[in-house]
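All remarks here apply to the structure that follows.
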Amino acid sequence: MNERSRGVTAPRALEGFPVKDRYLSAAVLGFGIIYTIAAWNLPRAPVGNPLGPVYFPLVLGLFIALIGFLMLLQSLKAHHEEHAAKSGRYAIRILTVLAFCVAYALMFNRIGFLFSSFVFLSALLILLNGFKKWLMNFSISILYTVGIWYLFEKVFLINLP
Amino acid sequence: MAMLEYLMYGFKVVFIPSNFLWLTLGCFLGTVIGMLPGLGPATGIALLLPLTFVMKPETALITMCAIFYGAMFGGSRSSILLNIPGDGSAVASCFDGYPMTLKGEAEVALAISAIASFIGGLISSIAFVLLALPLAKIALMFGPPEYFALMVLALTATASMSEGKVLKGLLSMALGLMVSMVGLDPQSGVSRFTFGNLELQGGIDFVVVIIGIYGLGEVFKNLEKIGRGEMLQPIKKKFGKIWITKEQWKRSLVPMLRATPIGFLIGILPGAGGTIAALMSYNVEKRLSKEPERFGKGAIEGLAAPEAANNACSIGAILPTLTLGIPGSGTAAIMLGALMIYGLQPGPLLFEFYPEIGWGVVASLFVGNFIAAVMNLPLAGLLVRILAIPPKILYPLITALCFIGVYAINLSVVDFYLLILFGLLGYAMRKFEIPTAPMILASVVGRKFEQSFRQSLMISGGDFSIFFKSAISVTLLILAVLSLVYPTVSAALKKKRHAV
């Protein structure tokens, strides 16, 4: 490949696929195959055409596998290296937020909306906004929690746990 | 003129106090959401969706439309002042808008973008009125095979045009279809991909998908940016009179009038959205200009054209959503989803049986564009202060709102886990540069897509030739194939040209 093909002037569509896409396309291909098998093993319909509910997912699975295969072909042609992103710090932050989310889902019904939402939002704010601004963080959390609670219980008449 | 009568009726609906209030609020929210970088109309409408369940359907739709075009007004604010597009479709507004600010013409830039948005919106609303009934009449001729063909076209066009990566677009579409497969099959009662989970039998609510992908996924993606100091740029807060001179008006008028039909048509077409409309009209103006060297250095017509185009595009996208039940963009897909939640069938009958919804929405386009323009002209100086809200506070709030929004749909915590799952998926898709619009569209129309396919085959007794019997479905299918082939071919042609 010559220099020109990796040139800046080439439109986005021509740039080929970055190397990380190799893993993606392999995963897509594998997933398509698994999905196809799962679709074939779906229960048959008791009435009408027994294969009725199966056709569509089956074709979909094959379609995904085909996309994965084509993407793999394209990604093998890719030659330019990724400018590796320094993802370490963000990864930890995203994982922490993710953990908060799961914890929120677990807490929600057990300790109720008011308390869990207050803790959840405060935790997020402390993580991102810093603990130094605790007064601001806590006031936002209280305002949000009470505001939403009021909206749901009094205006929408939806009961929150 | 029956049409005018309908329209007058629509205006009556709009001026019911509660509708008018929500319309104003929608314009405001849209402007704010459009202004904030990283938050687009899709995210805004997705977050607001649960709130609309308690409204009347016409109020809800009017509000959602207002957010949609309000965001087109607002998106340019941060493009002009900060050189950061508030929304994808405001990218082209950076090219000449920011140079104008650097030249000290921020007031003119803000004014012309609001005026252009207004004109683009107004003309498109008129076109909308003229086209709504004829299009709806065409839709009356549609049976299951035609609907199937139409959906094939909408899906493939969205997949192939979204970001110029056909395979990834198709992958995104397939993911959306997969989501819609989960649950009890409505025709046979067989449960599919529920993994024995009772909660999944009713299927995955596409609102959860939308809030996950556009809401939480957006938050995850933006977590990377927080603390990088992107927002440290000081914002101009003091403004002179936000208005333009006669000479500047003369310069911009024709470009605005040219950009409007471009934007409107691109909006109607499934797939291509406001970004493409704005970029295309910018390029057209640059090519037609006698002094193209002024572009990129603060040419007022280079700002007016894309601003008119993206507004026209947002209104164009609403047209097929209401008349055919096929959304013209990701944001419109969410609105279609909302219609379905209210138990309404979009299409010709919407205008006939529910004139308060069909014509109310149409009339609201006129009033709303006016409100948004007023909001964005004299109040622009106040509104841009919202840009000073630090993302550190904004994103935690949005995260919390995503959860409570999802809870409002089914009052079930199971949806929380689905939300987290789709949030992660949305983040991964952004990381791998997979467009999200095709997935949203597919998850909204997926069930209907499969049903229309199977109904057609039931009508024909399993004969596939039913899809090729009517001229409408054949045309639509040919267009679908073309939409897939065209980007590949044109890319190959360009490659050849580059290689030479």
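Only the coordinates and a few stated rules stand behind these numbers; no lab work does. Since we're looking at a predicted model, the values are computed, not measured. Glycine gets a Cβ as well: all are built from the backbone with ideal geometry, and neighbour counts include every protein chain shown.
Taking 0.36 nm per residue of separation and subtracting the current Cα-Cα distance, fully stretching the chain between A:PHE115 and A:ASN41 would add 22.2 nm. Close amide H partners of B:GLY86, meaning residues 5 or more places away or on another chain with modelled amide H under 5 Å apart, are B:SER78, B:SER79. Around the amide H of B:SER191, modelled in the peptide plane, lie the amide H atoms of B:ASP185, all under 5 Å away and 5 or more residues distant in sequence or on another chain. Inter-chain neighbour count for B:167-175: the average number of beta-carbon atoms from partner chains within 10 Å of each residue's beta-carbon is 6. On the beta carbon distance between A:ARG89 and B:PHE15, with R0 = 60 Å, the FRET formula returns roughly 0.70.
Look at B:THR63, B:THR475, A:THR36, B:THR399 and count the other Cβ atoms within 10 Å of each Cβ; fewest to most, that gives B:THR475, A:THR36, B:THR399, B:THR63.
With a Förster radius of 22 Å applied to the beta-carbon distance between B:ASP463 and A:VAL59, the computed FRET efficiency rounds to 0.80. Counting Cβ atoms of other protein chains within 10 Å of each Cβ in A:56-68 and taking the mean gives 5. Neighbour counting of Cβ atoms within 10 Å sorts the residues B:MET173, B:MET3, fewest neighbours leading, into B:MET3, B:MET173. Calculated FRET efficiency, B:LYS297 to B:ILE138, Cβ-Cβ distance, R0 = 56 Å: about 0.75 to the nearest 0.05. A helix-only calculation puts the protein assembly as shown at -24000 deg cm²/dmol for mean residue ellipticity at 222 nm, using -39500 (n - 2.57) for each DSSP H run of at least four residues, averaged over all residues. Per residue, the average separation of C-alpha pairs within less than 8 Å and at least 6 apart gives chain B a relative contact order of 29 percent.
Of B:LEU379, B:LEU170, the sequence from fewest to most neighbouring Cβ atoms within 10 angstrom is B:LEU379, B:LEU170.
Take the Cα of A:MET136, go 7 Å toward its beta carbon, and the backbone nitrogen atoms of segment A:103-127 under 20 Å from that spot belong to A:118-127.
For the set B:LYS250/B:LYS286; B:LYS12/B:LYS137; B:LYS448/B:LYS469; B:LYS103/B:LYS225; B:LYS250/B:LYS297, the pairs lying more than 26 angstrom apart at their alpha carbons are B:LYS103/B:LYS225. Put a dot 7 Å past the Cα of A:PHE69, heading toward its Cβ, do the same for B:VAL254, and the two dots end up 5.5 nm apart.
Residue by residue along A:120-128, Cβ atoms of other protein chains within 10 Å of the local Cβ number 5 on average. Within the shell of other residues whose beta carbon sits under 15 angstrom from the beta carbon of B:LEU23, the net charge comes to 0, with Lys and Arg scored +1 and Asp and Glu -1.
Grab the other residues whose beta carbon is less than 13 angstrom from that of B:ALA90, score K and R as +1, D and E as -1, and report the net. Charge balance in the 13 Å sphere: -2.
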